[in-house]
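J.: I am attaching a structure below and will ask some questions about it afterwards.
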Amino acid sequence: MSEIETFEDLEVWKRGCNLAVDVHVALAESKDFAMRGQMERSSLSTPCNIAEGCERDSTPDFIRFLRYSKGSCGELRTQLYVSERVRQRLGQPPLENSRAMIKETKSISKMLQALINSLLRRLKNQKEE
């Protein structure tokens, strides 16, 4: 992996931002303020934790915040599943692009884990030198 200069260089951060925008747009008309607020927060938390960790200038801190980001991404995926079920029981259609957003959370989680693994290997190699 090449050196990361800024969090804006990371494809996973870009995709996390795009997903957060998609979630906010999909929920713009929602009157379920509790679910809407939770989903908006977890969607924002995913790229924000990537940025915060990267800005700390410490690989262990970066890894810790990437793990927070991965957790938030899983939280959002769960909320999307629950939202689908709630809307189904209420006779409403699922959120627009719900399945695509679920798929994207899975991809982002995989990307985050790959980045974590890469940083862990780098730390291990630095300790061995």
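J.: Just the residues that are more than 15 Å from the chain's Cα centre (by Cα), charged (D, E, K, R) and surrounded by 15 or more Cβ atoms within 10 Å (Cβ to Cβ), please, taken from the stretch 58-95.
T.: Scanning the stretch 58-95 gives E84, R87.
J.: Limited to the stretch 1-40, what total is found for residues that are of a type in the set (V, I, T) and under 20 Å from A114 (Cβ atoms)?
T.: Final tally of qualifying residues: 3.
J.: Quick one: in the stretch 1-50, which of the residues that are part of a helix (DSSP H, G or I), small (G, A, S) and surrounded by fewer than 18 Cβ atoms within 10 Å (Cβ to Cβ) is nearest to the chain's Cα centre (by Cα)?
T.: Applying the filter and picking the extreme gives G37.
Where a number appears in this text, it was derived from the coordinates with a stated rule and is not lab data. For clarity, every value in this text was computed on a predicted model and none was experimentally measured. Neighbour counts are summed over all protein chains in view; Cβ atoms, including those assigned to glycine, are modelled from backbone coordinates with ideal geometry.
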